[in-house]
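Visitor: The following block contains the structure, expressed as structure tokens.
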């Protein structure tokens, strides 16, 4: 965020700047072509909980 601020000579919005100190909530990553199957499997996991 700081690099972007310096490169654009602007100040990041407070909500974005605060993300730096927040815990990571999501770690899953998938390719675009895998998105449909990922969403389907995530929905199935949610429905069984």
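Visitor: Could you state the angle between the C-alpha long axis of helix 35-47 and the longest principal axis of the C-alpha atoms of the chain, as a value from 0 to 90 degrees rounded to the nearest 10?
Guide: That works out to roughly 70 degrees.
Visitor: Tell me the mean residue ellipticity at 222 nm calculated for the chain from its helices only (DSSP H runs of n ≥ 4, each -39500 (n - 2.57), averaged over every residue, nearest 500).
Guide: -13000 deg cm²/dmol
Visitor: How many nm separate the modelled label positions at residue 17 and residue 35, each set 7 Å beyond the Cα in the direction of the Cβ?
Guide: Each label point lies 7 Å from its Cα, and together they span 3.2 nm.
Visitor: Out of every Cα-Cα pair in the chain, what percent are more than 12 Å apart?
Guide: Numbers: 874 of 1176 pairs.
Value for the chain: 74 percent of Cα pairs lie more than 12 Å apart.
Visitor: Also: With a Förster radius of 30 Å, plug the Cβ-Cβ distance of residue 28 and residue 5 into 1/(1 + (r/R0)^6) and report the FRET value to the nearest 0.05.
Guide: Working: r = 28 Å, r/R0 = 0.95.
E(calc), rounded to 0.05, equals 0.60.
Each reported figure results from applying straightforward, stated rules to the coordinates on display, with no laboratory input. What you see is a predicted model; the values in this text were computed from it and never measured. Cβ coordinates were reconstructed from backbone atoms using ideal geometry, including for glycine residues, and neighbour counts include every protein chain displayed.
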